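Undergrad: Here it is: the structure, laid out below.
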Amino acid sequence: MRLDRFLGNLPCYNRQQVRLLLAQRRVRVDGLPTGDPLLEVREFNRVEVDQQVHQAGRPARYLMLHKPAGCVSATQDPQHRTVLDLLPEELRNDLHIAGRLDYNTTGLMILTNDGQWSRRLTQPRTKQPKTYLVHTEDEIGAHYIDRFREGFYFAFEDLTTLPAQLDILGPRSARLAIVEGRYHQVKRMFGHFQNKVVGLHRESMGSITLDPILHPGAFRALTDEEIASV
Ligand code: URA
C-alpha cells in the first residue's frame with residue numbers, strides 16, 4: 001500500500017495531517033526519513049512517525065527445500081509428514097508454499113511469508129518456467145514435442161495449457177519446462193498419451209535452481225540474488 005494511504009488509514013491522522021507529516025519528513029520507513037507519499041509499504045516494513053511505531057515490520061523469509069518423496073506439500077496434514085515438519089519450529093511460522101508438489105514428487109520447493117513475491121514466481125502471466133525431470137513408464141515419442149508446445153485442453157479448468165518445452169533425454173526420460181502449475185499438470189500432460197509418469201523431480205523455478213548441496217529433506221535460505229531474480 002502507498003505510504004500516504006497507510007498513514008491515512010491510521011485512526012490518528014487525516015489526509016491533511018498526512019501531507020504535513022510527509023512534507024516535514026517526520027515519517028521513517030525502515031529507519032530512513034521519507035517524504036514520498038507513493039512509497040510502497042508492505043507488512044515487512046517498519047513505519048514510525050516521530051518516535052511512535054505504527055508498524056513494527058517483520059522479517060521476510062525465503063527458503064529453498066529439497067522435498068523428499070513421501071511428504072505432503074501442505075502446512076498441516078492429519079496423517080502424513082508435511083514439508084513444514086522438515087523445518088525447525090522457529091522458522092515455520094506464517095510460511096506458505098510457492099508451488100505445490102505431489103506426495104511422491106521430489107525436488108525444489110520454495111517457502112516464504114511474502115505472498116506478493118511468491119505470486120510473481122508462480123502466476124502463469126509472469127511466465128517464469130518451472131523445469132521438471134520426468135521419467136515415464138512407456139517410451140516418449142518425438143511427436144510429443146509439438147503437442148506439448150501446442151498445449152493440452154484441460155476440461156476440468158476449461159483451459160488449454162500454455163506452450164511447454166519438452167526436451168527428450170532418453171527413451172523414457174525428458175526435461176519439461178512449463179509456466180503454469182495446474183493440479184497434477186505434468187502427469188495429466190503425459191496422460192494425454194496414456195504414458196504414466198513414474199518419477200518426477202522439480203529442478204528449478206524461474207532462475208532459482210535446486211542447490212546440489214541440499215540432500216532430500218535439507219533446506220537453506222535463498223540468497224539476495226535469488227530473491228531479487230523473481
Ligand atoms: N505436475 C504434477 O503432475 N505433479 C507435480 O508434483 C508437479 C507438477
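Undergrad: Take the conditions modelled with pLDDT of 95 or more, under 18 Å from the mean Cα position of the chain (by Cα) and within 26 Å of V72 (Cα to Cα) and apply them to Q116. Does it pass? Step through it out loud before you land on a result.
TA: Numbers: modelled with pLDDT of 95 or more: no; under 18 Å from the mean Cα position of the chain (by Cα): yes; within 26 Å of V72 (Cα to Cα): yes.
For Q116, the condition - modelled with pLDDT of 95 or more, under 18 Å from the mean Cα position of the chain (by Cα) and within 26 Å of V72 (Cα to Cα) - is not met.
Undergrad: Enumerate the strands (runs of 3 or more DSSP E) found wholly within region 91-199, keeping only those where 2 or more residues are within 14 Å of the ligand (Cβ to nearest atom).
TA: Qualifying strands (runs of 3 or more DSSP E): 96-98, 106-112, 130-136, 173-178.
Undergrad: Among the numbered criteria (1) under 27 Å from M1 (Cβ atoms); (2) outside the structural domain of R28 (by TED's automatic domain parsing); (3) buried (at least 16 other Cβ atoms within 10 Å of the Cβ), which single criterion is violated by E48?
TA: Exception for E48: condition (2).
Undergrad: How many residues, within region 200-227, are under 18 Å from L133 (Cα atoms) and not in a loop (DSSP other than H, G, I, E, B)?
TA: 8
Undergrad: Looking at region 49-106, which of the residues that are among the acidic types (D, E) and without any contact (Cβ under 8 Å) to a residue 12 or more places away in the chain is nearest to R19 (Cα to Cα)? Reasoning before the result, please.
TA: Restricting attention to region 49-106, the residues satisfying the condition of being among the acidic types (D, E) are 50, 77, 85, 89-90, 94, 102.
Still in the running and without any contact (Cβ under 8 Å) to a residue 12 or more places away in the chain: 77, 89-90.
Details: D77: 48, E89: 43, E90: 40 Å.
Only one residue tops the list, namely E90.
Undergrad: Out of R81, R92, report the one residue that is surrounded by 13 or more Cβ atoms within 10 Å (Cβ to Cβ), at pLDDT below 95 and over 17 Å from the mean Cα position of the chain (by Cα). Please lay out each step first, then the result.
TA: Details: R92 fails: over 17 Å from the mean Cα position of the chain (by Cα).
Only one candidate passes the filter, namely R81.
Undergrad: Exactly one of these conditions fails for S229: (1) in contact (Cβ under 8 Å) with a residue 60 or more places away in the chain; (2) hydroxyl-bearing (S, T, Y); (3) assigned by TED's automatic domain parsing to the domain that holds L87. Give me its number.
TA: Exception for S229: condition (1).
Undergrad: Something else now. Could you tell me how many of the residues in region 28-67 are outside any loop (DSSP other than H, G, I, E, B), of a type in the set (A, V, I, L, M) and touching an Asp or Glu at 6+ places or on another chain (Cβ under 7 Å)? Let's see the steps before the verdict.
TA: Start the filter on region 28-67 by keeping residues that are outside any loop (DSSP other than H, G, I, E, B), which leaves 28-29, 32-34, 40, 47-49, 52-55, 62-67.
After this cut, where a residue has to be of a type in the set (A, V, I, L, M) as well, the list is 29, 32, 47, 49, 53, 63-65.
Cutting the leftovers down to touching an Asp or Glu at 6+ places or on another chain (Cβ under 7 Å) gives us 64.
Of the residues in that region, 1 qualify.
Undergrad: Now a separate question. Quick check on region 200-209: of everything there that is more than 7 Å from the ligand (Cβ to nearest atom) and at negative phi, which residue is surrounded by the fewest Cβ atoms within 10 Å (Cβ to Cβ)? Outline the logic, then answer.
TA: The initial filter retains those residues of region 200-209 that are more than 7 Å from the ligand (Cβ to nearest atom), namely 201, 203-209.
Filter again for at negative phi, leaving 201, 203-205, 207-209.
On the way: H201: 19, E203: 15, S204: 16, M205: 24, S207: 11, I208: 21, T209: 13.
Among those residues, the one meeting the criterion is S207.
Undergrad: Can L111 be described as buried (at least 16 other Cβ atoms within 10 Å of the Cβ), of a type in the set (A, V, I, L, M, F, W, C) and within 19 Å of the chain's Cα centre (by Cα)?
TA: Answer is yes for this residue.
Undergrad: Okay, moving on. Looking at (1) among the polar types (S, T, N, Q); (2) touching a helix residue (DSSP H, G or I) at 6+ places or on another chain (Cβ under 6 Å); (3) surrounded by fewer than 14 Cβ atoms within 10 Å (Cβ to Cβ), which is the one condition that is false for T75?
TA: Result: T75 fails condition (3) only.
The values are calculated or read from the model by the stated rules, or taken from the named source; none is laboratory data. Since this is a predicted model, take the numbers as computed values, not measurements. A quick note on method: Cβ atoms are made from the backbone with ideal geometry, for glycine too, and the neighbour counts reach across all protein chains shown.
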